[in-house]
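Colleague: Sharing a structure with you now.
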Amino acid sequence: DNLNFGNPQRPEIMGQIVRAIDGMAEACRALDFPVISGNVSLYNETNGQAILPTPAIGGVGVIDDLEKIATADRLEAGDTLVLVGDSSGHLGQSIYARDLFQLGGAAPKVDLALEKNNGDFVRRLIADAVIHAAHDISDGGLAIAAAEMALSSDIGVSLGYQGDLSDAAFLYAEDQARYLVALAPDKLEQLDKLARARAVPYLVVGEAGGRELSYLGASGERERLSLDDLRRAHEGWLPSYMKVAH
């Protein structure tokens, strides 16, 4: 481990790292996750302000059949997009709440049994060739997962939702144990059968195609963003930042 003990008078930081590692260890046991390496940095500060403790681990897995993989960059025109897992609209500690509004709140709860069940379900979908593209939903929620799939596949995505959640909660909530998957429309019945057998909730949220990222929500009007404009913003921010800094 890379341990920087430059400031030993910070027991709260050590407490944070110990609890974080305890939680990671519990998750690894529940998920049967093989850790092969790790790194921890402590007491890193900038202008007297500590960064969050940053334990990082590396794992390894085995893919039995390389012909049966589903990655984020395999969207195809006409694909149906399905959100796997339950969405309660949890925005606490989300990118949306923290970065746009400087709000905190409680982090979403983690149910390790649910994580394993939903993860195994997605692996089954891949093994049975039901889906051909998949992406975990983490920082930024569904909207960011969809944008990342659209950019990496170079194809547009249309999302839509009419339900109890607000548009912000539907798009940016960071509820756990969720995935965004893509499949041919004629495979949806097979996905439904497997989901019912494993008691996994899912929701059809859109389709792939075109050259824009769009969303139809509570307003009843479809909001649109050109995929090319999104790519320029995504890939051009660092050069622009460096130019201003220089």
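The values are calculated or read from the model by the stated rules, or taken from the named source; none is laboratory data. Every value quoted in this text rests on a predicted model; they were computed, and no experiment measured them. Every residue, glycine among them, receives a Cβ derived from its backbone with ideal geometry; neighbour counts consider all protein chains shown. Only protein heavy atoms, including side chains, enter the accessible area calculation; ligands, DNA and RNA are left aside. Shrake-Rupley method; radii C 1.70, N 1.55, O 1.52, S 1.80 Å.
Colleague: Considering only region 208-232, state which residues are in a helix (DSSP H, G or I) and under 26 Å from Leu165 (Cβ atoms).
Modeller: Leu227, Leu230
Colleague: Looking at region 82-114, which of its residues are open to solvent by 40 Å² or more (accessible area, probe 1.4 Å) and touching a residue at least 40 places away in the same chain (Cβ under 8 Å)?
Modeller: Within region 82-114, Asp86, Ser88, His90, Leu91, Gln93, Ile95, Tyr96, Lys109, Val110, Asp111, Ala113, Leu114 qualify.
Colleague: Considering only residues that are touching a helix residue (DSSP H, G or I) at 6+ places or on another chain (Cβ under 9 Å) and at pLDDT 95 or above, look in region 227-246 and name the one that is surrounded by the fewest Cβ atoms within 10 Å (Cβ to Cβ).
Modeller: That would be Arg231.
Colleague: Right, Ile155: in contact with a strand residue (DSSP E or B) (Cβ under 8 Å, 6 or more places away or on another chain), over 28 Å from Arg198 (Cβ atoms), open to solvent by less than 70 Å² (accessible area, probe 1.4 Å) and outside any helix (DSSP H, G or I) or not?
Modeller: yes
Colleague: What are the pairs with Cβ atoms under 7 angstrom where one residue, in region 124-147, is closer than 18 Å to Asp99 by Cα and the other, located anywhere, is open to solvent by less than 10 Å² (accessible area, probe 1.4 Å) and hydroxyl-bearing (Ser, Thr, Tyr)? Sequence gap at least six, or different chains.
Modeller: As it stands, the answer is Gly141/Ser94, since those pairs meet every condition given.
Colleague: Taking region 16-37 as the region of interest, how many residues are more than 16 Å from Lys116 (Cα to Cα) and in contact with a helix residue (DSSP H, G or I) (Cβ under 9 Å, 6 or more places away or on another chain)?
Modeller: Matching residues across region 16-37 total 1.
Colleague: A further question follows. State whether one or more residues within region 179-190 are surrounded by 21 or more Cβ atoms within 10 Å (Cβ to Cβ) and closer than 25 Å to Arg98 by Cβ.
Modeller: Looking for residues that are surrounded by 21 or more Cβ atoms within 10 Å (Cβ to Cβ) and closer than 25 Å to Arg98 by Cβ, one finds at least one in region 179-190, hence yes.
Colleague: For region 115-128, which residues satisfy the criterion of being open to solvent by less than 70 Å² (accessible area, probe 1.4 Å) and not small (Gly, Ala, Ser)?
Modeller: Glu115, Asn117, Asn118, Asp120, Phe121, Val122, Leu125, Ile126, Asp128, listed by residue number.
Colleague: While we're here: Looking at Val205, Val200, which is the one that is under 20 Å from the mean Cα position of the chain (by Cα), in a loop (DSSP other than H, G, I, E, B) and either of a type in the set (D, E, K, R) or surrounded by 12 or more Cβ atoms within 10 Å (Cβ to Cβ) (or both)?
Modeller: Selected residue: Val200, the only one of Val205, Val200 that is under 20 Å from the mean Cα position of the chain (by Cα), in a loop (DSSP other than H, G, I, E, B) and either of a type in the set (D, E, K, R) or surrounded by 12 or more Cβ atoms within 10 Å (Cβ to Cβ) (or both).
Colleague: Looking at region 34-52 only, could you name the residues that are surrounded by 15 or more Cβ atoms within 10 Å (Cβ to Cβ) and hydrophobic (A, V, I, L, M, F, W, C)?
Modeller: Result: Val40, Leu42, Ala50.
Colleague: Among all residue pairs at least 6 apart or on different chains, which show Cβ distances below 7 Å where the first residue, located in region 58-77, is open to solvent by 90 Å² or more (accessible area, probe 1.4 Å) and the second is at pLDDT 90 or above and assigned to a loop (DSSP other than H, G, I, E, B)?
Modeller: Filtered contacts from region 58-77: Ile63/Ile69; Lys68/Ala129; Arg74/His132.
Colleague: On to the next question. When you scan region 161-193, how many residues do you find that are more than 18 Å from the chain's Cα centre (by Cα) and either of a type in the set (D, E, K, R) or outside any loop (DSSP other than H, G, I, E, B) (or both)?
Modeller: 11
Colleague: Restricting to region 158-178, what's the tally of residues that are open to solvent by less than 50 Å² (accessible area, probe 1.4 Å), farther than 23 Å from Leu114 by Cβ and either free of Cβ contacts under 8 Å to residues at least 12 places away in the same chain or not charged (D, E, K, R) (or both)?
Modeller: So the answer is 4.
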